[in-house]
Structures are given as C-alpha cells and as structure tokens.
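See structure below.
The values are calculated or read from the model by the stated rules, or taken from the named source; none is laboratory data. Predicted, not measured: the structure shown is a model, and the values here were computed from it. Quick reminder, even Gly has a Cβ in these numbers, built from the backbone with ideal geometry, and neighbours come from all protein chains shown. When the accessible area is computed, the model is the full protein with side chains, heavy atoms only, and any ligands, DNA or RNA have been set aside. Shrake-Rupley method; radii C 1.70, N 1.55, O 1.52, S 1.80 Å.
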Amino acid sequence: MGGVSLNEPQREAVEYTGGHLLVLAGAGSGKTRVLACRTAHLVATGFVEPWRILAMTFTNKAAAEMSRRVASLVPAGSGRIRMGTFHSVCAWILRREASRGWWAEDFSIYDSDDQKALLRRVIRDLGEDGRVTPSQASSWISMCKNNLTGPEEATDSAGTPWEKLMARIYISYQAALRASVAFDFDDLLTVSLDLVRQDIDIGGRYSRMFDAVLVDEYQDTNLAQRDLLLALCGPDTQVCAVGDDDQSIYGWRGARVENILRFPEDFPGAKIVRLEQNYRSTSSILRAASSLVSHNSGRHGKTLWSARPGGDDVLVQAAGSASEEAAWTLAEATRLHESRGLPWSEIAILYRTNAQSREFETAALGMNIPYQVIGSLRFYEREEIKDLVAWLRLVANPADRVSLERVINKPPRGLGERGKEAFFEYAASSGRDLVACLCSASRIEGLSRKAGASLEHLGGVLSEAARASSSGSPASEIVDRIVADLGFLERFRGAGPEEEARLENVEEFRKTALEHDTAHPSAGLPGFLQGISLLTSSDDFEQGADRLVLMTLHCAKGLEFSVVFIAGVEEGLLPFVRPGETAPADLEEERRLMYVGMTRARDLLYLTHVPWRQRHGTRAGGPSRFIAEAAEAFAPVRSEESPSVEPVAPRTVYRRGNLVHHPRYGRGLVLHAVRRGPEWQLTVDFGFDEPKVLLTGYVPIPVIREKGSPGDQ
C-alpha cells in the first residue's frame, strides 16, 4: 500500500470491499494505519470516488491525524474526502439544512462553559438558586440527550422531586438555546438525527450521498451516534467500523459497548477482522492483560500477542499505606530513571481517581522529582481545593482580602459587582477586619436583603471556626467545620462524574488535614496552612521539560510509556465503588479500564495496593480481584503476606443524647446530630468551655451508650 508495511490481518482489513466490515483492533495493533490505508485504497482502486467517502472520528486531533495520513497516501488532486468528528459532520448537515429548520445558518455552538453560563441564568430565573448547580443540571440534561430523551419525555417520566426539578430546567434551557439560535454539543447529534429521520427528502438525500462510511473508536459511540450512522447509510453504503470492545471505558458519559457488540446485527453480513498483533508491549504484559479481560462476558473475543519475546514479569507490590505506596513507587521510578537512563517522561503513574494524585505529588516534591499532572490540574491548584484553602485562610487571617474576593460569591449569593464594591468600600472605611464586616453585612447600604443575610451567615461560620482554632482545635476539625457549614458535601453530591471527582478531592483534602494533625499535634490550622503554602508556592517547571507523568486511567487511553505503575489496585477503588453503594456500577467497564492501563506499558508494568484506603462514604482495601484474574503472568507479591480486606464497620445512627467516645477528647454527650450524606455532623459536649462540632468521616466516633431518636434536633 504505497510502501506502507502491513501484516496479513491489516491487509485484509484494508482491501476488503465485499460489504460491511468490523475491524476489532486490539491495543497497539495499528488501527490508525489501517483506517488511513483503507481510505486510500478505496480511492486508489477507484472503488469509491473521494467525495462519496465519509470518515468520522471522535476528536479533532484524531481527525487531523487521519487527514494527514490519508493525504500522504492519496495522489494530489484526487478530490476531497469528507472527514471530521461526529459533531463537525452534524454541524455541516445543520448548516446545509438551515432553511428546513427553525435555526439560522450562522447558529452558535455552545461549549461546556457557555452551557453552564446559560444554565446558571436559567436556574436563577426559575428561582432555584442553591438547590441545583449548573454542573448538576448539565450532567443530567446530557444524560437525557445521550439516551434520546427530550424535555417533554423527561417531564412525563419524572418520578422524584429532583427529576421534576431537572425536567423543568431542561425545558427552560432548551427554550433559552432556541432563543439564542444556538446548539450545545449534544444537540448537534440529536437535532441532526431528528432531521434525517423525520424529513424523508433530507434523509433520502444523505443516505444516497455516501458509498463508504468509516468510523473510528466505534466502542465509544453513544445511542445517538449509532442511530445517526444507521440513518446516514443507504442500502448500497458500505460501513467500516474500527474499534476495540475491550477498551470501551466511557459508559459514564453515554458510550455504549453494546453498539460494537451488536454491529453484525445492525449491519447484516458484516465481516469481522481481528487485529491481534500488538506492536507495543512485551509478551508478559499482554498475557496478563488478556487474562484479565477474558473474564468479561460482553466482548467479541481476541487474544493479543507480540513479536517481542518474553519481557519482565508484571510486578505486584503491596504497601502499608497510601503514603508508603507513593514513596515506594517514586523510589522505584528513580531507580529506573538512574539505572536504565529512562527519561522521566517515559515513566507514568496511573490511578483511578484524580484525588489519588495528591500523595504522589507530595512525594515527588519532597524528592525533587519533576512531574506533570496530565488531564487535570495539580491537586492544590484545583478550583474546589483553592476555594477551601481560601476559606481556611480567612479563618486564620480575617483581613485576607484576596481570599475573600475569591470565594465571597461561591456559590452565588445574589451579590453582583456593585454589591461587592459596596461591601469592600464599607470594610475599608470601617477599620474593622473583613470577617467582622461580614457579620454586620445586613446594615451595609447597597446590598440586597438576601445578599446581606447570606454574608452574615458566612461571617458567623468564619467567626465560630476562628474561635475553635484559637482554642487549639486541630486543623482537621476546622476543615470539617468549614466543609459542613458551607455546604461542600451537598454542593458536589448527586451530580455527574465531574462533581463526583470534586467531592473526592475535598475528601482527600480532609484526609490531608487529619494526617497533618497526626504528624504535628500542636500545629493547628496555622501550621497546616503553612505546610500547604510551601507545597503550592514551588516554581513551575520549565515548559516542555522532562517530567514524570501522573494521570488517571481514563486520560491514559491512546498513550504509551516504557514503564507504567498502576496505583490503588484495590477492591472498592479498582473496581470503583461509588459512595453509598456496595458494588461497582459496571464491573466489566472497570475491568476494561484496568486493561487499558495495563496495555499502556511497553516494557515494565507494576501494580500496587494497600491494606485499606479511606474514601468518602466507602472504604477500599486489599488487593483487587483484578490481580487474581490476571495473576498467571505475575511475579510473586512483594510482601510478607497478602493483606486481607478489612470489614467495613456497620453504619452508626447518631441521636441527641448519645454518649460517644472520641480518640482525642474522650467521652462526650451528643447535643445535635445532622446527616451530611453518608456522614454525620455532630455537636458534642466533652466538658470543655464550648461544644465541639465534628464530622464522622475519618475519625471513628463510636456510640458507647444510646439514647433518643435518630437525627433529633
């Protein structure tokens, strides 16, 4: 193929023209090469005219790479091939057919920031500020659109108050989009699908337009994309889908592995070609990965193999704690960097949740190892963490204007720019500190009644926290007080994966404070904040410098490294169990995610785990079942004995009047008990001058004598 080397299955996939084709392309098997060569082959042989080919990918980067490769294989002047993402193809259709719809040809396309800004206005106009965030509404509406559920259908099927609220927002949001002559990304798919389905003339025109349609990463398609593909294909159109059912890892954002599994049913007579030769990893790594994923039942089935003989065994390492896991991993990475001369950029540490990066970042800073966090901000640079730190700085320093300016209107409190100016002008002229001014905000001219009351509440929260800090309360208790009283737990609960990740980060921060208290019992909040400042004030590394790579398993898809460490391979974390649940939401997808991580490694693969790991609302602990499922290719576990999974303590129900025992303060009487999701916020009298306000998340507070009724106020 124009000097391009192909193995036999690749050649078969490139040259087949007998009908529909499904190419099951295993990890590292050269699928991009096959797609580009097949497209060029269709043109070079005259089987299809270039302008009658449609190629769809998932990202602009993938589309650009495909276009570059095809251009290098097809003679200049052959004609234009339509190539782009699903969304760009849909935008092209909608602009062409604008005269047949309600929209203008120059419609706007709203990205996620635009979408949330519009939702913020919709929520405010509906009078629902404080009940739902734009991110929560965005996730819910996107889920509906991915399932082809319109606003009216969502309204009819809403059963709970939350669903009814979301349906109201959905209806208003769609009306606002239409008034702005705009589409969000999901609308590009769903409106295009409705158009070609419902207008016979338009549907017929597009189903006759293309003789060959090629789709990349077919395992990542959602219901709308699958149905759109069916609608764009006429009886004489040949469809070639390339993908790997074993790498379908985006179910949480609407992807359906069923699409690739059902391809032979959707496109009868389809030929299946398996690309099983891996050009990336050693045989040892591939045997372990294949053994793992073979435990999934929802797959077409294939076995990866490599022409690279042998290779080092996959190593499983048990550590005593998350901090020891990070220390061992970075020590081993340093050894490989020095002994083998490996660039830092060829070593990757992968993990299931963003919050896990914190231990590795802290260890890397302590060891002067350059690193970069791919796909997300460094832990202490994440918005929710910076917001939480800003509140804590105000507790320690009530004159910190920069911190207050950052968070004074988060979440929105009806405080506009004029209101902010009025507050800070009052503070500057009063000669009092900012927290004291917050406490008297209702008397400030220029503030609405709502804004004044909200700011006074903030002032009360900060004043109470400051008194607790001055009396010697540990940093973790001050953090818990701020998290509870300012609604961090409620703010990020019950939304999509983005909010779930934010909640995990807040919980990791709480754990950081508890660890600091354990290591420095008398340092309190000021000492904790000083430690954070030292971590976050380090200079940025030179752009493009050689750095150790930290990223989630989801971010790693499509990449490869010489050495890969997968951290936290534990029950409850990988496979992942969400707070309040007792089992993985989708065990097979979690297994595929682990498989993706394993197949990123070219030469060396390490799996690490700890005996137990505290997480918000649940506990992870002990080696994951995935280790046993892939264990036939592993070296012996490096520990005296494999840790066992510790039983999770039964849920405690707290009541006013309970006698409890705290490891620091001893016995105390519960004065007030309020549910905070899976945790309780307790006000406890330990016999000090003032009661303590505590969250039950990380410090065990057992009930030693029961009294009263649940949640007594």
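Counting residues in the stretch 102-113 that are in a helix (DSSP H, G or I) and in contact with a helix residue (DSSP H, G or I) (Cβ under 6 Å, 6 or more places away or on another chain) gives zero.
Considering the stretch 613-663, and only residues there that are open to solvent by 40 Å² or more (accessible area, probe 1.4 Å), basic (Lys, Arg) and at pLDDT 80 or above, the residue that is nearest to the chain's Cα centre (by Cα) turns out to be Arg625. Against the conditions (1) without any contact (Cβ under 8 Å) to a residue 40 or more places away in the chain; (2) touching a Gly at 6+ places or on another chain (Cβ under 9 Å), Lys61 satisfies every one except (2). Screening the stretch 145-260 for helices (runs of 4 or more DSSP H) wholly inside it with 1 or more residues that are touching a Gly at 6+ places or on another chain (Cβ under 8 Å) and open to solvent by 60 Å² or more (accessible area, probe 1.4 Å) returns the ranges 161-179, 185-198.
In the stretch 386-405 there is at least one residue that is in contact (Cβ under 8 Å) with a residue 40 or more places away in the chain and in contact with a Pro (Cβ under 6 Å, 6 or more places away or on another chain). For residues that are open to solvent by 10 Å² or more (accessible area, probe 1.4 Å) and modelled with pLDDT of 90 or more, scanning just the stretch 563-590, find the one that is nearest to Arg613 (Cα to Cα). Across the stretch 563-590, the extreme among qualifying residues is Glu571. Please go through the stretch 303-316 and pick out each residue that is open to solvent by 20 Å² or more (accessible area, probe 1.4 Å), in a loop (DSSP other than H, G, I, E, B) and not β-branched (Val, Ile, Thr). Correct list: Ala307, Arg308, Pro309, Gly310, Gly311, Asp312, Asp313. Being under 20 Å from Arg625 (Cα atoms) and in contact with a Lys or Arg (Cβ under 8 Å, 6 or more places away or on another chain) is the filter here, so list the residues in the stretch 553-573 that pass it. Across the stretch 553-573, the qualifying residues are Leu553, Val564, Gly568, Glu570, Glu571, Gly572, Leu573.
Can we say Trp92 is under 31 Å from the mean Cα position of the chain (by Cα), surrounded by fewer than 20 Cβ atoms within 10 Å (Cβ to Cβ) and either part of a helix (DSSP H, G or I) or in contact (Cβ under 8 Å) with a residue 12 or more places away in the chain (or both)? Walk me through it before giving the result.
Values: under 31 Å from the mean Cα position of the chain (by Cα): yes; surrounded by fewer than 20 Cβ atoms within 10 Å (Cβ to Cβ): yes; either part of a helix (DSSP H, G or I) or in contact (Cβ under 8 Å) with a residue 12 or more places away in the chain (or both): yes.
Judged against the criteria, Trp92 is a match.
Might you let me know whether the stretch 370-389 holds any residue that is outside any strand (DSSP E or B), open to solvent by 40 Å² or more (accessible area, probe 1.4 Å) and of a type in the set (Lys, Arg)? Yes, the conditions are met somewhere in the stretch 370-389.
What helices (runs of 4 or more DSSP H) lie completely within the stretch 415-481 and have 3 or more residues being under 25 Å from Leu682 (Cβ atoms) and open to solvent by 10 Å² or more (accessible area, probe 1.4 Å)? Explain how you work it out, then say what you get.
Working: elements: 417-430, 434-439, 449-470.
Hits in the stretch 415-481: 449-470.
Of all residue pairs spaced 6 or more apart or on separate chains, those with beta-carbon atoms under 6 Å, a first member in the stretch 347-361 that is open to solvent by less than 10 Å² (accessible area, probe 1.4 Å) and a second member that is part of a helix (DSSP H, G or I) and modelled with pLDDT of 90 or more are Ile347/Ala333; Ile349/Phe360; Leu350/Leu553; Leu350/Ala556; Leu350/Gly597; Phe360/Ala326.
Kindly indicate whether Arg274 is part of a strand (DSSP E or B), in contact (Cβ under 8 Å) with a residue 60 or more places away in the chain and open to solvent by 20 Å² or more (accessible area, probe 1.4 Å). Outline the logic, then answer.
Values: part of a strand (DSSP E or B): yes; in contact (Cβ under 8 Å) with a residue 60 or more places away in the chain: yes; open to solvent by 20 Å² or more (accessible area, probe 1.4 Å): yes.
So Arg274 fits the description; yes.
Taking (1) buried (at least 23 other Cβ atoms within 10 Å of the Cβ); (2) at pLDDT 95 or above in turn, Ser281 satisfies each apart from (2). Every test in (1) out of contact with any Lys or Arg (no Cβ under 7 Å at 6 or more places or on another chain); (2) buried (at least 19 other Cβ atoms within 10 Å of the Cβ); (3) modelled with pLDDT under 95; (4) not aliphatic (A, V, I, L, M) is passed by Phe263 save one, and that test is (3). Could you give every pair whose Cβ atoms fall below 6 Å, whose first residue belongs to the stretch 188-209 and is closer than 22 Å to Phe58 by Cβ, and whose second residue is hydroxyl-bearing (Ser, Thr, Tyr), counting only separations of at least 6 or pairs across chains? Between residues of the stretch 188-209 that are closer than 22 Å to Phe58 by Cβ and residues that are hydroxyl-bearing (Ser, Thr, Tyr), the close pairs are Val196/Tyr206.
In this structure, Trp140 does not qualify as under 27 Å from Ala212 (Cβ atoms) and open to solvent by less than 60 Å² (accessible area, probe 1.4 Å).
Matching residues to (1) surrounded by fewer than 20 Cβ atoms within 10 Å (Cβ to Cβ); (2) basic (Lys, Arg):
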site: Lys61; (1), (2): yes, yes
site: Met66; (1), (2): no, no
site: Val70; (1), (2): no, no
site: Pro75; (1), (2): yes, no
site: Glu105; (1), (2): yes, no
site: Asp113; (1), (2): yes, no
site: Glu128; (1), (2): yes, no
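Set side by side, the residues Ala25, Ala13 differ, and just one is in contact with a Gly (Cβ under 8 Å, 6 or more places away or on another chain) and under 18 Å from Met56 (Cβ atoms), which is Ala25. On inspection, Ser522 qualifies as at pLDDT below 90, outside any helix (DSSP H, G or I) and either open to solvent by 10 Å² or more (accessible area, probe 1.4 Å) or closer than 16 Å to Val407 by Cα (or both).
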